[in-house]
Amino acid sequence: MTDKFQLKTGFLLLFLLITNLVSAQVTGKIIDSKAQNAIEYGTAALYKVKDSTLVTGVITDAEGRFHIDNIKKGNYYLEASFIGYEKLLTPVFKVLKNGELVELGTLLLNPSLELLNEVVIQGTTSAVINKVDRQVFSTKNFQNAEGGNGVDILRNVPSVNINGDGSIALRGSTSFTLLLNGKPIQSSATQILGQLPANAIERVEVITAPSAKYDPEGKSGILNIITKKGAANGAFTQINLKLGLPSIEDYDNEDPAGRYGGDFIYNLRKDKWNISLGASYQRNDKSGRREGDVSTIINDTLTRFPSDGERSFDEINYSGRLNLDYTPNDYDSFSLGVYAGKRSKDRRANILYYDNHAITPADGGEQDRVYTFQYWNDNLRIRKSDFVVASFDYSHTFLNDSQLSTSLLYEYTFLGGPTTNENLGYPDRSIIFQEEFNTNDNPLNGVRFQADYTFKPLDIGQISAGYQYRNLDHKGDFIYERKDLNTGDFILVPEFSSTVDLTRVINSGYVQLDKSTEKFDYSVGLRLEGMNRDLYLKDKVGVVDTTYTYDFVKLYPSASVQYKINDDLKLKAAYSRRVERTTSFKMNPFPEREHSETLEQGDPTLKPEFIDLVEVGVVKDFENGTSLYGTAYYRDVKNLVNRVNTVYNDTILNRIYSNVGKGKSLGLELGSEFKITESWNNFVGANLYNFAIDGAYNGNPIDTSSFVYSLNINSTYSFSETASLQFNFNYLSDRVTAQGEDSQFYSPNLSFKKSFLNNQLVATLQWQNIDMGLLDTNEQRITTWQEGSFYTTTNYVYEVDMVFLNLTYSFNKRKNESKFIESEFGKREF
């Protein structure tokens with residue numbers, strides 16, 4: 001820190017101190033009266049009693065606090081409000097002298113019956129609330145996800161799509177940042193949400209144009225997962241059990257799929273202490289098949305190898321969590337968390353290549369078949385992850401309502417797992433043509449420190465500033481061996497074996513201004529980030545010994561504004577600059593053999609993607625409780641990373657991650673919540689966008705585009721206070737890639753929910769991926785090609801007509817206040 005910066009900081013603090021001494025202040029906190037959650041971006045408007053004129057207004061911070069400064073002597077009242085809640089007027093209070101602090105305490109806002117469509121007899125609430133900078137989706141009505149995990153919750157959220165492999169995409173991109181209770185998670189969203197029980201999630205916040213106070217990671221924005229909390233003293237215990245019935249469809253898989261699990265949460269809150277314990281075990285196997293056809297052209301010879309066979313997954317997750325919160329007074333808060341667990345995911349691909357052959361010449365005419373060959377490929381990829389994560393957080397609220405928050409997180413994760421690949425004769429599988437084994441050990445150490453300071457509000461608005469430090473050290477030891485069929489010994493294959501060490505250090509800081517008036521809410525911010533990345537590569541025979549370095553310093557501006565035309569109609573606009581940093585997997589240039597026909601490798605010179613996001617939107621509420629929102633957006637991506645294919649040899653394709661040029665998306669999000677009858681509530685969301693890629697790879701131009709649309713429907717009919725039926729449908733259309741296209745993907749689901757024992761016991765019967773042999777549910781075809789080089793198409797057929805029974809028992813009715821930390825680094829690489 002320079003002397004000049006220290007001097008400026010000193011003057012600023014002196015100014016703030018003098019301001020406190022000569023002006024009166026009004027402070028308080030706004031929270032939800034039912035959920036007892038703090039209401040961020042709520043409005044606190046101060047009025048004169050004499051003529052009811054507006055003096056000033058501010059918005060609340062993440063803790064629901066507000067602070068109004070520079071108040072003259074006089075009589076006032078305050079109006080607290082937020083979208084979806086009834087307005088609250090405080091009693092009249094007096095400001096008698098300068099320097100006086102008027103503490104209004106906690107102001108409780110009641111959810112609006114009109115705007116939230118809340119009917120006491122049914123206990124339903126709105127599926128979506130539109131805030132200044134985000135859309136908030138309540139999980140209460142997503143009963144099709146109960147007993148599942150966070151991934152199942154996201155299937156209900158518009159603009160979020162999940163394919164058969166469980167990959168999550170926001171606005172068509174798998175690149176986004178995951179926050180857990182507002183904390184950044186650098187790990188794989190699929191893995192972290194796959195281990196988080198659905199019944200522990202209160203709501204999902206979609207932030208598509210984040211402000212500068214957030215880490216700029218993720219080109220499509222942020223998903224913030226908020227877990228359930230409570231407020232009163234006492235104990236909370238909940239047990240959840242889930243049992244999947246045997247598979248209905250027969251996919252001729254080697255082993256039957258097992259689906260069962262359970263989790264429990266115990267939370268004790270007493271005065272200054274809040275202790276949470278949790279454990280989870282989930283087995284979630286999925287049966288399935290894949291049907292493929294690949295052709296390559298080398299030296300005027302066309303080689304084809306059509307295939308068909310098993311592609312199934314065996315997945316086991318178990319973990320334990322401990323969190324300890326200590327709040328000695330109203331100003332200080334300490335939190336210590338530990339999270340540890342194990343995960344394994346086995347992908348089995350037993351594939352018959354039933355007509356492998358070569359033809360020459362490749363372009364037709366008098367063709368001769370060079371050979372005909374069939375073989376059986378037995379492929380098992382095992383992916384494991386053992387991890388321990390620990391964090392310590394501290395926050396302090398000053399007397400002038402300024403706030404300091406700090407967080408320190410450390411993670412150790414061990415990633416690894418072997419892949420066995422055997423090419424055998426068929427129908428005589430005792431014949432061994434080729435047997436290979438590759439394994440990898442990937443220890444990862446990650447450290448994150450973050451400090452944020454929110455200054456007391458000034459006339460110009462609320463100023464906040466912060467600093468973040470991240471350090472990632474990810475090592476990899478990759479061993480690839482091939483069996484000598486004469487001696488029986490496994491021999492190292494140097495071109496597929498390596499040692500890798502990725503170190504990445506990030507320093508960033510931001511400043512942001514937020515302001516709220518009667519008509520306008522706006523925010524402007526600027527973030528400065530410096531990154532140092534070193535990738536060390538070494539092979540196993542001493543030929544390669546290279547370090548690739550990539551450093552940059554970049555500014556990330558952001559701005560957002562919302563204009564309130566009236567209580568029922570609002571307009572908003574936002575801009576945000578983002579970045580998508582590369583992972584170790586996408587930069588390791590040594591190929592890894594996924595299965596018989598595919599190698600995968602990265603690019604050590606891969607550059608981060610830099611993204612500019614612009615969006616404009618409108619939110620309209622109607623008197624009958626119907627709500628409608630629409631958002632138009634534009635996303636421009638530089639250094640677009642895409643997986644592209646080249647021909648390795650006549651029967652193997654090489655998949656490479658590379659910067660292929662620019663990507664542009666122009667789209668429109670639409671959503672509406674409405675009731676057909678008093679007992680029949682519906683929510684429909686759609687995302688429509690045009691996606692285009694302009695660039696080149698390996699000397700071949702890439703100029704492709706497509707119109708993509710997705711649809712989410714959630715329809716709930718309540719028979720009584722304790723029984724309801726819900727139908728859910730997710731659809732994603734065809735879409736282009738750099739070298740081909742992915743087909744449509746859709747999934748209908750149905751669930752029946754019934755509660756007993758005064759709502760302490762809840763049973764949910766779920767029918768997922770409805771097909772009945774009539775539809776193509778849960779299927780996806782991926783096709784890639786390059787003229788004169790290769791063509792590949794693979795249809796992945798995932799399990800349908802899956803039936804689950806979920807039971808949840810709560811031992812008392814107190815709200816759950818459990819809070820757990822999650823993995824920061826390792827799950828991103830899983």
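Things worth noting here:
- Calculated P(r) tail over 18 Å for region 23-111, as whole % of Cα pairs: 38
- Calculated FRET efficiency, residue 688 to residue 526, Cβ-Cβ distance, R0 = 25 Å: about 0.20 to the nearest 0.05.
- Taking every Cα-Cα distance in region 473-600 and sorting them into 10 Å bins starting at zero, the pair-distance distribution P(r) comes out as 10, 25, 20, 15, 13, 10, 5, 2, 0 percent.
- Note, ³J(HN,Hα) from phi for region 245-251, Karplus 6.51, -1.76, 1.60, rounded to Hz, x at Gly and Pro: 5, x, 4, 7, 7, 9, 9
- Each residue, residue 426 and residue 475, gets one label point 7 Å from its Cα in the Cβ direction; the gap between the two is 4.2 nm.
- Sorting 474, 357, 595 by the number of Cβ atoms found within 10 Å of their own Cβ, with the fewest placed first, yields 357, 595, 474.
- Estimated FRET transfer efficiency when R0 is 60 angstrom, pair residue 634-residue 484 (beta carbons, to 0.05): 0.55
- Potential lengthening of the chain between residue 565 and residue 96 amounts to 165.3 nm, from the contour at 0.36 nm per residue minus the alpha-carbon distance.
- Percent of beta bridges antiparallel (DSSP, region 23-111, rounded to nearest 5): 75
- Three-way shape label, region 466-524, alpha-carbon gyration tensor, a/c 1.5: prolate
- Among the lysines of region 453-605, pairs that are 8 or more positions apart or on different chains and have alpha carbons within less than 24 Å of each other number 17.
- Whole-percent pair-distance distribution, where bins are 10 Å wide, for the alpha carbons of region 128-829: 3, 13, 23, 27, 20, 9, 3, 1, 0
- D by Stokes-Einstein for region 352-412, Kirkwood Rh over Cα pairs, 37 °C, 0.692 mPa s: 175 µm²/s.
- Close amide H pairs (under 5 Å, H built 1.01 Å from N) link residue 493 with 480, 481, 482, residues at least 5 positions away or on another chain.
- Residue 252/residue 715 FRET efficiency (R0 51 Å; Cβ-Cβ; nearest 0.05): 0.90
- Helix 3-22 vs. the chain, principal-axis angle (Cα, 0 to 90°, nearest 10): 40
- In the chain, helical runs assigned H by DSSP with n ≥ 4 each contribute -39500 (n - 2.57); averaged across all residues and rounded to the nearest 500, the mean residue ellipticity at 222 nm is -1000 deg cm²/dmol.
- Residue 670 paired with residue 501, simple spin-label distance in nm, labels 7 Å along Cα-to-beta-carbon: 5.6
- DSSP-assigned coil residues among GluC sites (Glu not before Pro) in region 649-723, each with at most 10 further Cβ atoms within 10 Å: none
- Taking amide H as placed 1.01 Å from N in the peptide plane, residue 172 has its amide H under 5 Å from the amide H of 161, each at least 5 places away in sequence or on another chain.
- Ranked 384, 607, 242, criterion: other C-beta atoms within 10 Å, fewest first: 607, 384, 242
- Where the Cα pairs of region 414-469 fall when distances are cut into 10 Å bins, in %: 16, 18, 15, 12, 11, 11, 9, 6, 0
- The ranking of 531, 802, 772, 587 from fewest to most other beta carbons within 10 Å of each one's beta carbon is 772, 531, 587, 802.
- Pair residue 548, residue 332: separation of 7 Å Cα→Cβ label points (nm): 4.8
- Dipole orientation for the chain: of the candidates 344, 760, 588, 760 has the Cα lying most toward the positive pole (charges on Cβ; Lys, Arg +1; Asp, Glu -1).
- Net lengthening on full extension, residue 555/residue 342 (0.36 nm per residue, minus Cα-Cα): 72.9 nm
Where a number appears in this text, it was derived from the coordinates with a stated rule and is not lab data. Because the structure is a prediction, the values reported are computed rather than measured. Glycine gets a Cβ as well: all are built from the backbone with ideal geometry, and neighbour counts include every protein chain shown.
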